Structures are given as structure tokens and as C-alpha cells.
Amino acid sequence: MGHQQSKPVTLNCVLEHLKSNGNLTNSQKSAMTSSVKAVAKMLNVPPSGVAIKIAKFRLLLEHGQPGRHGMTPKRFSNIRSAFAQALIESDID
């Protein structure tokens with residue numbers, strides 16, 4: 001690898017990783033960025049205030065209620081999928 005980046009510690013760090021990722025299309029970046037922001041909104045905290053806690057995200061996204069967040073089940077499913085991909089792209093395991 002050419003350069004080493006530190007692992008993200010907040011969702012804002014994930015957004016920065018996505019922004020600088022040259023391997024993603026604009027469409028992929030847009031979908032993943034939107035999903036990260038949506039998860040932060042579901043938690044009612046700005047991305048900079050959301051620490052990376054996989055267990056917390058898993059609970060929210062596996063047991064979440066789309067209607068509670070004002071979205072359709074399809075939109076919720078898309079967010080869940082794109083969010084998981086955003087974490088993978090940001091080297092979160």
C-alpha cells in the first residue's frame with residue numbers, strides 16, 4: 001500500500017474516508033455518504049459525535065423500525081446496505 005490512514009473513530013471520519021476514496025464512483029460515494037448521515041440522524045447526533053460502535057449500529061439497523069424514522073422499509077434496507085459498505089470501505093471491521 002502506498003499510504004497508511006488511521007482507522008476512523010467517528011462517523012465523520014468515515015465520511016472523510018469516503019470523500020477521499022478514489023476507487024469509488026460518484027454514485028457509490030453519494031449512496032454511502034447519505035447512509036452514514038442517515039444513521040447519524042437516526043441516532044439524533046451529528047456524524048462528528050457518533051463514535052464507531054459496531055454493536056450499537058448492528059442493533060439499530062437490525063432491529064430498527066423504519067416508520068419510527070420516517071422512512072419506508074425499502075429506504076431503510078438501502079441505508080443498512082450502503083452503511084455496511086461504507087464501513088467496509090473505511091476499513092472498519
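Values quoted throughout were computed directly from the atomic coordinates according to the rules given, and no laboratory measurement underlies them. Here the structure is a predicted model, which is why all the values come from computation and not from measurement. We place every Cβ from the backbone using ideal geometry, glycine too, and count neighbours over all the protein chains shown.
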Anything in segment 10-27 that is in a helix (DSSP H, G or I) and either in contact (Cβ under 8 Å) with a residue 12 or more places away in the chain or of a type in the set (A, V, I, L, M) (or both)? List them, or say none.
11, 12, 13, 14, 15, 17, 18, 19
Residues that are out of contact with any strand residue (DSSP E or B) (no Cβ under 8 Å at 6 or more places or on another chain) and under 17 Å from residue 85 (Cα atoms), drawn from segment 37-54:
37, 38, 39, 40, 53, 54
Inside segment 51-84, can you point out the residues that are within 19 Å of residue 9 (Cβ to Cβ) and either out of contact with any Ser or Thr (no Cβ under 6 Å at 6 or more places or on another chain) or exposed (fewer than 14 other Cβ atoms within 10 Å of the Cβ) (or both)?
51, 52, 53, 54, 55, 56, 57, 58, 60, 84
How many residues does segment 28-61 hold that are not in a helix (DSSP H, G or I) and not aliphatic (A, V, I, L, M)?
3
